[in-house]
Amino acid sequence: MIKEAQFYSSESGIIICELCPNNCHLKEGQFSSCHTRKVQHGKLYTLAWNNPCALHLDPIEKKPLYHFFPGSKTLSISTAGCNLQCLNCQNNTISQVAPKEKSSPQYAAAEIVKKAIDADVQIIAYTYTDPVAYYEYMQSIAREAVQKNIQNVLVTAGYINEQPLRQLSGLIQAGNIDLKCFDNDMYHKLNSCSLEPVLNSLQVMKEMGIWIEITNLIIPGWNDSPAMISKMYDWLVSHGFSDTPLHFSKFFPTYKLAHLSPTPVKAIETARQIALDAGMKYVYLGNVSGDLGANTLCPMCGKTVIARKGYSITANHLEGNLCKFCKTQIAGVFA
């Protein structure tokens, strides 16, 4: 099913998609770089309308979000297509193809929300591929969801233009932003995009009152330079993100970087210490064996306020948003 897309203009017979900074210039019959938009009869259409290729129940911690209703379940949804072409994409079989290449049942927004209600789930997560690529579908589901008091979560690279991002005000309550690195040339080589729009999205989402957590995948030889990591977290702290939970993740060889080695745990531990030294208060380690770096620690007294084993909560020592040991407020949405 197709639907006319939002955010495009026409100039001398060329359609310009204005959803994300790729700003694809398209002629009749051409597809956007995200594989989900096509020019037909002089208009731009989204091909990802009512067309999910993945629909699963996940723990909120898997997104990862550790400070947004921890222990909750999400109904996670995705369509095929993505506006990035990451060399390390773990979901490349759905992100780098068009929706028509992944046949699946059609589900309108109201049907997705009903599935969440039937599963007794209070959060819908737009994930697996970047929801920017299926913006209109995501937006329509989110509108239905907020009417039923269901929360909406974006798992995204944040590569979106400001106007469509601001149009999500009141619809999206939380997001995990994948901040790939802190070097524009590296962004182009690794992800076929640029850094500045992502930093702008972080600031706009914070201004909009959306709860944000950040993921940084450490890839050996690419973005593991201590100097780059230090620069990244100096920027975050100086721009008011010291309370924003940060998730360092271990890279495993995949897709076009299958020839690399997995990230050494030591490199992730070093990145964590750099972030803490810069002033980041909540730093987690993901994709590592055991529960290293999984617990939420009070930044004042250092005691564990939320203990985790894998994606499960094993102990919760919060009183509302307060550490029960020293009464320090823990940043997040817990109640």
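Quick one: how many residues across region 172-205 are touching a strand residue (DSSP E or B) at 6+ places or on another chain (Cβ under 6 Å), hydrophobic (A, V, I, L, M, F, W, C) and not in a helix (DSSP H, G or I)?
Total meeting the criteria: 4.
Across region 306-327, what is the total count of residues that are under 22 Å from PHE241 (Cβ atoms) and either surrounded by fewer than 17 Cβ atoms within 10 Å (Cβ to Cβ) or in contact with a Phe, Trp or Tyr (Cβ under 8 Å, 6 or more places away or on another chain) (or both)?
4
Please determine, by comparing only the residues of region 1-33 that are without any contact (Cβ under 8 Å) to a residue 60 or more places away in the chain, in a loop (DSSP other than H, G, I, E, B) and not polar (S, T, N, Q), which one is nearest to ASP130 (Cα to Cα).
By that ranking, first place goes to CYS24.
Only one residue in PHE248, PHE252 is buried (at least 19 other Cβ atoms within 10 Å of the Cβ) and either within 26 Å of CYS323 (Cβ to Cβ) or out of contact with any Cys (no Cβ under 8 Å at 6 or more places or on another chain) (or both), so which one is that?
Only one candidate qualifies: PHE248.
Does ILE229 qualify as being out of contact with any Asp or Glu (no Cβ under 7 Å at 6 or more places or on another chain) and in a helix (DSSP H, G or I)?
yes
Confirm whether TYR128 is at pLDDT 95 or above, under 20 Å from ILE60 (Cβ atoms) and either of a type in the set (Val, Ile, Thr) or assigned by TED's automatic domain parsing to the domain that holds CYS82 (or both).
yes
Hey, can you tell me all the residues within region 151-165 that are in a loop (DSSP other than H, G, I, E, B) and surrounded by 20 or more Cβ atoms within 10 Å (Cβ to Cβ)?
If the condition is that a residue be in a loop (DSSP other than H, G, I, E, B) and surrounded by 20 or more Cβ atoms within 10 Å (Cβ to Cβ), then ALA157, GLY158, TYR159, ILE160 are the ones that fit.
Every residue, every condition in (1) touching an Asp or Glu at 6+ places or on another chain (Cβ under 7 Å); (2) buried (at least 18 other Cβ atoms within 10 Å of the Cβ); (3) among the β-branched types (Val, Ile, Thr); (4) at pLDDT 95 or above, yes or no:
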position	(1), (2), (3), (4)
ALA80	yes, yes, no, yes
SER95	no, yes, no, yes
LYS100	no, no, no, no
ASP118	no, no, no, yes
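Could you list all residues from region 117-143 that are part of a helix (DSSP H, G or I) and within 19 Å of PRO99 (Cα to Cα)?
Those that are part of a helix (DSSP H, G or I) and within 19 Å of PRO99 (Cα to Cα): PRO131, VAL132, ALA133, TYR134, TYR135, GLU136, TYR137, MET138, GLN139, SER140, ILE141.
Criterion first (among the polar types (S, T, N, Q) and at negative phi) does ASN149 satisfy it?
So ASN149 does not fit the description; no.
For (1) of a type outside the set (A, V, I, L, M, F, W, C); (2) touching a residue at least 24 places away in the same chain (Cβ under 8 Å); (3) out of contact with any Leu (no Cβ under 9 Å at 6 or more places or on another chain), each residue gets a yes or a no:
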| position | (1), (2), (3) |
| --- | --- |
| ASN152 | yes, yes, no |
| LEU168 | no, yes, no |
| ASP183 | yes, yes, no |
| SER201 | yes, yes, no |
| ILE210 | no, yes, no |
| THR215 | yes, yes, no |
| MET228 | no, yes, yes |
| TYR233 | yes, yes, no |
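Given the options LEU47, LEU55, LEU65, name the one that is crowded, with 20+ Cβ neighbours inside 10 Å, aliphatic (A, V, I, L, M), touching a residue at least 12 places away in the same chain (Cβ under 8 Å) and within 16 Å of THR129 (Cα to Cα).
Criteria check complete, one pass: LEU47.
Quick one: in region 4-44, which of the residues that are touching a helix residue (DSSP H, G or I) at 6+ places or on another chain (Cβ under 6 Å) and of a type outside the set (S, T, N, Q) is surrounded by the most Cβ atoms within 10 Å (Cβ to Cβ)?
CYS34
Go through THR270, THR263 for me and flag whichever is assigned to a helix (DSSP H, G or I) and either more than 26 Å from SER33 (Cβ to Cβ) or without any contact (Cβ under 8 Å) to a residue 12 or more places away in the chain (or both).
After ruling out the rest, the residue left standing is THR270.
The values are calculated or read from the model by the stated rules, or taken from the named source; none is laboratory data. Being a predicted model, the structure only gives us computed values, none of them experimental. Glycine also receives a Cβ, built like all others from the backbone with ideal geometry; neighbour counts cover every protein chain displayed.
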